[in-house]
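The structure appears right after this line, and notes come after that.
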Amino acid sequence: MTPSIKEINFDLEDKNLFQVSDLQLKAEALRNYTLPKLKIIANELISRIDFLYDINYHEHCSTAFSPHFRTSKNQRKEPVKRDYTYCGYSLTGQRKPGKWHGLDKGTGKLPEIAPANLSINLSEEGMLSYFHFNYPSGFTAETYEKFFKFLIDHLAVFNGLFHRSKFSYVFQYIDAIDIEEDLVGKFNNSDYDIILTSRTFEYPISSEQIEELMLSHVLLFPLFHCFIKISLGEQPEIEPYIDAIKSRLQEYDERYGIETTGGVQGVGGEEEDMADILDKASLKIKVAPGLRWQVFARDNWKCVACGRRSEDDIILHTDHILPRSKGGKDELDNYQTLCNICNIGKSNKDSTDLRKR
Ligand SMILES: [Zn+2]
């Protein structure tokens, strides 16, 4: 039972993790807890993209996660020396030799090619979304020019999409240039990146804010996918994507129960707002800073009741053994690690120590 996207949020303890000085704990938490949550977002996003644009995302694209922990079970566990300052996922082109056209064969970078990324990053500052088309990806100057020409030719359409995604996206270049005046014909493959960034959502990051970031990716997807098509040697057309947005975004809203089109929100929703605020307040005081990670680490990053780990498509939760309402303390001894499934099973019982002894 994969957790619902509505269960995903990032609170002050998620921020705390980036401040933790124990590098081993931080790496294990990113691997066993934070990245699996981002993976749920990425998978949900791809299913929505497939739905809205009626495509098969996995035909040419894949997802990449950062940091990428390569660990073999046979390998001795090495102590972590790196201080991870962020983690994130990217929608990206498949890294396959021979997949992409218009490459500069001399660079020897063929297997590393990922023509463009659509990413969400989480750091101490918060969460942000960005599109990145980067040098050096190993394309020829002619191919680079095709990317830029396509962007410039459709700038009005893309500006509309950036606006629609409720984000003010900012173009960044390694060198500052006037995109329309200076770019056409002058672009060469050694000087420029295209980076479009959203504003940063600060902690606590609600599931509604994650919805907004996801919507921004859904609406930026045409840009990403057209770059993928150029990389395949095709001549992409923007119209089918725009038609899909026009005709199906309403359906998307209904299907995923979100508000993407209207500007007015929360009419008559005052009671819900209050419940929401109380929920968030209780979330904040649920465990003292750092305690969540101590609980997970002690329980070996798995559910004490069923033994599931994040690889089994669950999210880990910390659970009071004796509830606070019955005098249970916010101390390490009064917490256990449960998966989302066992946590729901337990929610109506008063105090249950599910640890297998
Ligand atoms: Zn469980």
Out of residues 5 or more away from Leu103 or on other chains, whose amide H comes under 5 Å of its own, with H placed 1.01 Å from N in the peptide plane? Thr140
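On full extension of the chain, what length is gained from Asn56 through Leu12, given 0.36 nm per residue of separation minus the C-alpha to C-alpha distance?
Contour length minus the Cα-Cα distance gives 12.2 nm.
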How many nm is it between the label spots at Lys99 and Ser4, if each spot is 7 Å from the Cα in line with the beta carbon? 3.4 nm
Using 0.36 nm times the number of residues separating Glu331 and Lys246, minus their current alpha carbon distance, what extension gain do you get? 25.4 nm
Along each of its three principal axes, how wide is the spread of alpha-carbon positions in the range 287-357, in whole angstrom units, largest first? 34, 27, 21
Can you flag which of Lys81/Lys346; Lys149/Lys246; Lys39/Lys81 are past 27 Å Cα-Cα? Lys81/Lys346
Can you give the accessible area of Thr318 in Å² (nearest 10), computed on protein heavy atoms with a 1.4 Å probe? 10 Å²
Read phi for every residue in the range 81-94 and hand back ³J(HN,Hα) as whole Hz from Karplus 6.51 cos²θ - 1.76 cosθ + 1.60, θ = phi - 60°, with x for Gly and Pro. 10, 8, 9, 7, 9, 7, 9, x, 10, 10, 7, 8, x, 4
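The values are calculated or read from the model by the stated rules, or taken from the named source; none is laboratory data. What you see is a predicted model; the values in this text were computed from it and never measured. As a convention, Cβ positions derive from the backbone with ideal geometry for all residues, glycine included, and neighbour counts pool all protein chains shown. The protein model used for the area step is the full one, side chains on, heavy atoms only, and it has no ligands, DNA or RNA in it. Shrake-Rupley method; radii C 1.70, N 1.55, O 1.52, S 1.80 Å.
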